[in-house]
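No lab work stands behind these numbers, since they all come straight from the coordinates. Since we're looking at a predicted model, the values are computed, not measured. Cβ placement follows ideal geometry from the backbone for every residue including glycine, while neighbour counts extend to all protein chains displayed.
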Amino acid sequence: MYHLECIECRRKYRANEVIYTCTCGGLLDIVYDYSKIHITANDLKAPLSVWKYRALLPVSREPVSLKEGGTPLYRVDRVAESVGLKKVYVKHEGMNPTGSFKDRGMTVGVTKALELGMRTVACASTGNTSASLAVYGARAGIPAVVLLPSGKVALGKLAQALMHGAKVLSIKGNFDDALKLVRDLCDSEGFYLLNSVNPYRLEGQKTIAFEIADQLGWQAPDRIVLPVGNAGNITAIYKGFMELRHLGIIDSVPKMTGIQAEGASPVVRAIKNNEPAITPEEKPETVATAIRIGNPVNAIKALTAIRESGGTAETVSDAEIIQAQHELASLEGIGVEPASASSIAGLRKLVRMGVVEKDETVVCVTTGHLLKDSEHVLAVCPKPIEIDATIEAVKKAVFSDKQ
Ligand code: F0G
């Protein structure tokens, strides 16, 4: 039904091989025999969830699941008006079991690990991937090892990885260093690598596209805007829409629009300079620690997704990210972490630049929940007002201009 295929030299590998990249160094894709997949929008009437789309997922055993997916697609008219568009939606991936979109990849990836007989799972992470792997490892009953950049992981994410029992290693280096190390560790120890270089992870994440189309009545929006870090998610969502079009379920594919922080923007530079590949950044830096990545492993796939779909990529400053985070929280009641808010910040900038047209239907993907990074919230919001426990003090404070 499916096999692994190198996106560079087209070499094929059997689905049961434990391999992450081709011997030529190229990234791998899962390629299906679509002629054997018979599925129509009519077959897809079950409630939303990752496993609703099982016919398009590359595993056969009982899933390791915590009921991931089925996240809300909110229409956000106040934000739309504020950025200058008519129809904007937010796909809030922070509503997954561990509070980020990573769960979609992990339910599929950890299920695959069991199917392949792997005994330990591992990843490098800016935080969310490690939280999700720790949780799904626990659910599967197998150990998880996670490598994190020291001092740069939001506390909520670290708390999840620790409490769910992963072996948590804090690396004196950044995410890119941690990813190199964990790849070596997996090769030498036979651990199963669950970073997004593993194409099975991306298969789970492509269900974001399935759900968006499903929630819009089997139509694609004109544009998807999302944060880009290791560049897996933009690739996965593009693949999801391409598959739906291939199967005749939708008839267009949205313009894939990737947003990066100014201090960590190799994909944006490659798009703007029309280069075939990225030039890695040695010292990535941004308040959005989730996307503090200088050498995205899926960059080649992401560049293709952006170019083939007629999309684009843009940077936003940390100040723009924080403003967008406040706006989404206060105007719409949607609480997201800084990386996720970059999608809204990026959309605002692209409307201002005239790149996004006024009548486009846009879906912004908010990838992680506000509570992941509460330390950041305390740093950017006013402090609570401390008062005496008297009704006079309460009234005075309620009607004061402070906060
Ligand atoms: N948003 C959030 C909240 C993330 O955690 C990540 C990636 C991204 C966006 C970017 O997605 O890497 O597929 O381009 N976080 C990874 C991690 C790197 O380790 O949790 P991407």
Can you compute the charge dipole magnitude of the chain about its Cα centre, using +1 on each Lys and Arg Cβ and -1 on each Asp and Glu Cβ, nothing else charged? Give it in debye, rounded to the nearest 20.
540 debye
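What ranking do Thr286, Thr129, Thr315, Thr390 get, fewest neighbouring Cβ atoms within 10 angstrom at the top?
Thr390, Thr315, Thr286, Thr129
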Which value in Å is the Kirkwood Rh of region 322-372 over different Cα pairs?
11.3 Å
Checking Gly335, Gly105, Gly25 against a Gaussian network model of the chain (alpha-carbon springs below 10 Å), the top fluctuating residue turns out to be Gly25
Leu155: net charge of surrounding residues, Cβ under 9 Å, Lys/Arg +1, Asp/Glu -1, itself excluded?
0
Which of the listed residues, Val225, Val355, Tyr20, is farthest toward the dipole's positive end in the chain, when Lys, Arg count +1 and Asp, Glu count -1 at the beta-carbon?
Tyr20
Rg from C-alpha atoms of the chain, normalised by the globular rule of thumb 2.2 N^0.38 Å, equals 0.97
Give me the percent of DSSP beta bridges within the chain that run antiparallel, rounded to the nearest 5.
30 percent
Using alpha carbons only, how many angstrom separate the centre of region 37-88 from the centre of region 195-268?
12 Å
Average silhouette area of region 85-239, convex hull of alpha-carbon atoms, in square nanometres:
9.6 nm²
If every Lys and Arg gets +1 and every Asp and Glu gets -1 at its Cβ, then about the Cα centre region 297-403 yields a dipole, in debye to the nearest 20, of 120 debye
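Can you tell me the FRET efficiency between Arg119 and Thr23 if r is taken as the Cβ-Cβ distance and R0 is 41 Å, rounded to the nearest 0.05?
0.95
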Contour minus Cα-Cα distance for Leu155 and Ala397 (0.36 nm per residue)
84.0 nm
GNM of the chain, Cα pairs under 10 angstrom: of Lys45, Lys87, Lys349, the biggest fluctuation goes to Lys45
Could you compute the net charge surrounding Pro63? Neighbours are other residues with a C-beta less than 15 Å from the C-beta of Pro63; K and R count +1, D and E count -1.
+3
Going by C-beta contacts inside 10 Å, put Val153, Val253, Val377 in order with the fewest on the left.
Val377, Val253, Val153
Positive-end extreme of charge dipole, the chain - chosen from Tyr238, Thr279, Ser374 (charges on Cβ)
Tyr238
Extension reserve of the Ser35-Glu189 stretch, reckoned as 0.36 nm per residue once the Cα distance is removed
51.6 nm
For region 248-376, just the Cα atoms, rotate onto the principal axes and tell me the three extents in Å, largest first.
39, 38, 29
